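Contents: one structure, followed by commentary.
Read-outs throughout are calculated quantities, based only on the coordinates presented, and are distinct from any laboratory measurement. These numbers come from a predicted model, not from an experiment. Cβ placement follows ideal geometry from the backbone for every residue including glycine, while neighbour counts extend to all protein chains displayed.
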Amino acid sequence: MAQPPPMDSTAAGPAVDVAVVVVTWNSADVVGDFLACLPASLAGLRYQVVIADNASTDGTADVVRRLVPRATVVDLGRNAGYAAGINAGLRTAEPARAVLICNPDVRLRPRAVRLLLAALDDPEVGMAVPRLVDGNGRLQPSLRRRPTVLRALGEAVLGGARAGRFDRLGEVIHIPSVYEREMDVEWATGACLLASARCLHDVGEWNESFFLYSEETDYALRAHDRGFRVRYVPDAVAEHDGGDLHRSPHLWRLRAVNRVRLYEHRHGPAATRAYWAAATLHEGVRALAGHRSSRIAYRALRAWRPRSETS
């Protein structure tokens, strides 16, 4: 693995309070709204904006330079993925107390980043995540439990929304009352998170092999391994458009396969095979119900082979 990003504070103190790292790919139609919300969300804080652009062809970088001339734009030269963009942004960012990592289709509410930063005052908290809502203010279930075979099976049999009401049976938390209180979580959707400099330094770079999906799961679980906690802060609110996953069979397939790959990274062959079987059942059931994306994911999972058989 590559060396950790140089985000640790120096003896003289960090250059800024927050480095904002945004990974873009053909994001010209949304990045302007993201940039416009930053001053109110970061009011009173010193911050730097770093845009890691995955070879956009729609003028994303030009939009950024016009709206925020002082922003640093890193051109990756290709679509290298979300984790690669984060790593490139971290390597470019100035030393900071914390790094805000965001999708460009996020719109932060006023004081959101200040509230997340306050959660990092506890040195055991390595990452803080906001409440995510859609453009109409409706809650987006963004909190997650640790992946297990039983949870994968529960989602396959009961469906994600029903299984998510039970702690042992679902990975996505589908209990609205839970989102009303501040608490520690296993991990959360990676659309928006604030990580402390210490956490980023100790955990190291993001795993670029995932390209997209499961990289945030991997990073949060590695942070837990290092003794850090992930804190959910409901008063910090961010609007998130999202939706690409449900519109793109390719992205649905990628997420399904990466979930199995992530599980394999942390478990032995027998447990991984059981998780793979539950994930394949999940997509197979949906495929039989007529979901095209699941048909594609099911075929990809059937073709998947564990590392022991491909090495």
* For the chain, what does -39500 (n - 2.57) per DSSP helix run (n ≥ 4), summed and divided by total residues, give at 222 nm, in deg cm²/dmol to the nearest 500? -> -12000 deg cm²/dmol
* To do: May I ask for the distance between the Cα centers of segment 204-242 and segment 90-125, given as a whole number of Å?
  => 12 Å
* Å³ per residue enclosed by the Cα convex hull of segment 128-192 -> 90 Å³
* To do: Please give the helix 149-158 orientation as an angle from the longest Cα principal axis of the chain, in degrees from 0 to 90, rounded to the nearest 10.
  => 70 degrees
* Asked: How would you classify segment 63-203 from its alpha-carbon gyration tensor, with a ≥ b ≥ c the square roots of the eigenvalues: rounded for a/c under 1.5, else prolate if a/b is greater than b/c, otherwise oblate?
  -> prolate
* Can you check what the net charge comes to around residue 55, using other residues whose Cβ is under 13 Å from the Cβ of residue 55 (Lys, Arg +1; Asp, Glu -1)? => -2
* Structure fact -> Computed Rg/Rh for segment 180-246 (Cα atoms; Rh = Kirkwood radius) stands at 0.97
* Taking the chain as the reference, fit the longest principal axis to its C-alpha atoms, fit the long axis of helix 269-288 to the helix C-alpha atoms, and give the angle between the two in degrees, 0 to 90, nearest 10. => 80 degrees
* Taking the chain as a Gaussian network, where each spring joins two C-alpha atoms under 10 Å apart, which residue of 153, 120, 251 fluctuates the most? -> 251
* Pick out which of 67, 100, 115 has the largest mean-square fluctuation in a Gaussian network model of the chain, springs linking Cα atoms closer than 10 Å. => 67
* How high is the relative contact order of the chain, given as a whole-number percent (alpha carbon pairs under 8 Å, six or more residues apart)? -> 20 percent
* Percent of C-alpha pairs per 20 Å bin, the chain, short to long -> 33, 59, 8, 0
* Using alpha carbons only, how many degrees (0 to 90, rounded to 10) separate the axis of helix 215-225 from the longest principal axis of the chain? -> 80 degrees
* Over the chain, what is the percentage of antiparallel beta bridges among all DSSP beta bridges, to the nearest 5? -> 40 percent
* Find out how many positive minus negative residues lie around residue 236, taking Lys and Arg as positive, Asp and Glu as negative, among other residues whose Cβ is under 9 Å from that of residue 236. => +3
* Asked: How big, in percent, is the set of alpha carbon pairs in segment 1-123 lying more than 20 Å apart?
  -> 41 percent
* Asked: Within a Cβ distance under 12 Å of residue 163, other residues only, what is the Lys/Arg minus Asp/Glu net charge?
  -> +2
